[in-house]
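Visitor: There's a structure below that I have some questions on.
The values are calculated or read from the model by the stated rules, or taken from the named source; none is laboratory data. Bear in mind the structure is a predicted one, so any value in this text is a computation, not a measurement. Cβ atoms come from the backbone with ideal geometry, glycine included; neighbour counts cover every protein chain shown.
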């Protein structure tokens, strides 16, 4: 049925019309005879196929390369004798059914030796321009990395003529013209080497209707499958060329290749079965290895987390008692009578002792910051204000051979951080950068807004502020960079560094929900980036220290709660010297008893962590429950997690031991003042 359908389709006329067909010289398959009539295999097939389809033919004479250009431009409709390539298929419409098969014939000048394809090296090779032969020899030379000079001709006859006249050593033509009378057998010979098989087709212009191309394709198929058709007659007359004999070595190679293919097939079959078995075993091993790696990573993370937690708990325990001792020392030093007039050395000794006490408190804060246990006092701050303040401080102490740069960034978002801790962190990093530039250099401290993808389905992006400290110093090795944030690790000489600087910075950044990254290499400087979340809204802040304000005398009655028997009298004496009456309690239970009997206190000052079931935070809640409008000031050496539930309310002012006389005065005055203002507000 399919065959009948094809015959019927081929027999049906497409419609009377005229098609422009390319005519060029490529004997013996296409040429004009002595009477100037198109002759050869392709003209006969063109007339048979288009005649059966009731098309008139208008031959257009052109050179080969020109014909291709005209076909692509739609100036001719059909071109015969076209070798199929993928590149040409993108330019023309090929009639799918091939009519002839050919290969590259190698015509060699009589005085040139050519035995293998390696002899192309260094030769002058004539080819038809833009032909399949040109593409084939160019690809062969490129693949074999051979060097040769191409001589282009406008026709196949021109290729033979170039070799015959000595303008080329070798010519690449199709098998038909190589075996025709056109070749001069006295000046050339045909190399007995097969090279590049290809198929030949009709090609239509890209503008031709697809139905016409399909009709030509069906008619070609009809011609090839019909006994005594025009195709068979044209093939016997013009294309019955005896194929070139294959050399013995080619036959030997083919036999060897066949044997090799059989053996290779057996080997590959066996190998595939073996590989499949080994792949299954390997997949099981890889899965087990991945499980072990994940488990070891999880164990390493757990160990690191446990180490940090243990260190934080140890530091927190030490900080509570140590800060109480420092508070006793500082308080008693400040309560000593001023003997500057009678004994000048006394004032110097006392001032040095107070500075040492404050340095001890700073060291404790650094340890807590590294262990992420510090009690921070976050407040809304402008990052550029902090950077400018740090710039003023370090500009006084940095040598002249170091250039300081703090680029302006007025549009940066606000952040909610402990201002003192941030300044301390930047000072630490700046001093480290100075030490890394002994021969001078440039230190740049900059600030910029950054955004990152959100972490939840409702958060499209996260706003952050990045502070960058970059120097042009000696840099760090990868090993040093990996350890630089560990406590007590330092590359400085003995006695010139505590090893807590970067550890403190790292702890402060992590406790502030930020991120710290270090980029460095030997002799390439160091860049440290501190990234913090931008503040979303304002809230009440913990009270800020103001050591520049002198102590203020006040009036009123204060309930002081402190369990430390050495610190209680010191704090009581400090408060009394400020003009207040003081009632003391050594436990939360005793304080609640005082409050039950007397609610005329102007202020309650309570330690946070105390022995027994009632802590300072419990006392604060009890005062709120009494509805007596008594303000509460919390004071702590280290409260750990005890303040977390009260920190979000912003209701209670918090001081960290040791507390100077100035700080205590400012805190008491502000707390009472704010409470009175709130009580009188409408």
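Visitor: Residue 467 versus (1) free of Cβ contacts under 8 Å to residues at least 24 places away in the same chain; (2) surrounded by 16 or more Cβ atoms within 10 Å (Cβ to Cβ): which is the lone unmet condition?
Guide: Going through (1) free of Cβ contacts under 8 Å to residues at least 24 places away in the same chain; (2) surrounded by 16 or more Cβ atoms within 10 Å (Cβ to Cβ) one by one, residue 467 breaks only (1).
Residues are listed down the side, and each one gets a yes or a no for (1) assigned by TED's automatic domain parsing to the domain that holds residue 30; (2) under 12 Å from residue 125 (Cβ atoms); (3) surrounded by fewer than 19 Cβ atoms within 10 Å (Cβ to Cβ):
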residue	(1), (2), (3)
150	yes, yes, yes
153	yes, yes, no
162	yes, yes, no
169	yes, yes, no
174	yes, no, no
179	yes, no, yes
185	yes, no, yes
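Visitor: Can you tell me which of 253, 330, 314 is assigned to a helix (DSSP H, G or I), modelled with pLDDT under 70 and either surrounded by 10 or more Cβ atoms within 10 Å (Cβ to Cβ) or assigned by TED's automatic domain parsing to the domain that holds residue 191 (or both)?
Guide: 314
Visitor: Can I ask one more? Scanning the range 551-579 for residues that are in a loop (DSSP other than H, G, I, E, B) and in contact with a helix residue (DSSP H, G or I) (Cβ under 7 Å, 6 or more places away or on another chain), which turns out surrounded by the most Cβ atoms within 10 Å (Cβ to Cβ)?
Guide: So, considering only residues that are in a loop (DSSP other than H, G, I, E, B) and in contact with a helix residue (DSSP H, G or I) (Cβ under 7 Å, 6 or more places away or on another chain), the one surrounded by the most Cβ atoms within 10 Å (Cβ to Cβ) is 562.
Visitor: Among the residues of the range 461-470, are any modelled with pLDDT under 85 and in the same structural domain as residue 430 (by TED's automatic domain parsing)?
Guide: Checked the range 461-470: at least one residue is modelled with pLDDT under 85 and in the same structural domain as residue 430 (by TED's automatic domain parsing).
Visitor: Here's another thing I want to ask about it. Of the residues 452, 446, which single one is in a strand (DSSP E or B), at pLDDT below 85, surrounded by fewer than 20 Cβ atoms within 10 Å (Cβ to Cβ) and in the same structural domain as residue 383 (by TED's automatic domain parsing)?
Guide: 452
Visitor: One residue is enough: does the range 130-140 have a residue meeting the conditions without any contact (Cβ under 8 Å) to a residue 60 or more places away in the chain, more than 26 Å from residue 222 (Cα to Cα), assigned to a strand (DSSP E or B) and touching a strand residue (DSSP E or B) at 6+ places or on another chain (Cβ under 8 Å)?
Guide: No.
Visitor: When the residues of the range 644-666 are narrowed to those that are touching a strand residue (DSSP E or B) at 6+ places or on another chain (Cβ under 7 Å) and in a loop (DSSP other than H, G, I, E, B), which ends up modelled with the lowest pLDDT?
Guide: Filtering the range 644-666 for residues that are touching a strand residue (DSSP E or B) at 6+ places or on another chain (Cβ under 7 Å) and in a loop (DSSP other than H, G, I, E, B), the one modelled with the lowest pLDDT comes out as 652.
Visitor: Let me ask you something else. Residues that are over 30 Å from residue 186 (Cβ atoms): find the strands (runs of 3 or more DSSP E) completely inside the range 32-120 holding 3 or more of those.
Guide: 55-61, 78-83
Visitor: Let me ask another. Check whether at least one residue in the range 591-603 is within 59 Å of the chain's Cα centre (by Cα), within 20 Å of residue 660 (Cα to Cα) and modelled with pLDDT of 85 or more, and report yes or no.
Guide: Within the range 591-603, one or more residues are within 59 Å of the chain's Cα centre (by Cα), within 20 Å of residue 660 (Cα to Cα) and modelled with pLDDT of 85 or more.
Visitor: Is there a residue in the range 587-600 that is touching a helix residue (DSSP H, G or I) at 6+ places or on another chain (Cβ under 6 Å), touching a residue at least 60 places away in the same chain (Cβ under 8 Å) and surrounded by 18 or more Cβ atoms within 10 Å (Cβ to Cβ)?
Guide: Within the range 587-600, not a single residue is touching a helix residue (DSSP H, G or I) at 6+ places or on another chain (Cβ under 6 Å), touching a residue at least 60 places away in the same chain (Cβ under 8 Å) and surrounded by 18 or more Cβ atoms within 10 Å (Cβ to Cβ).
Visitor: Among (1) at pLDDT below 85; (2) surrounded by 14 or more Cβ atoms within 10 Å (Cβ to Cβ), there is one condition residue 611 misses while meeting the rest; what is its number?
Guide: If we test residue 611 against (1) at pLDDT below 85; (2) surrounded by 14 or more Cβ atoms within 10 Å (Cβ to Cβ), just (2) comes out false.
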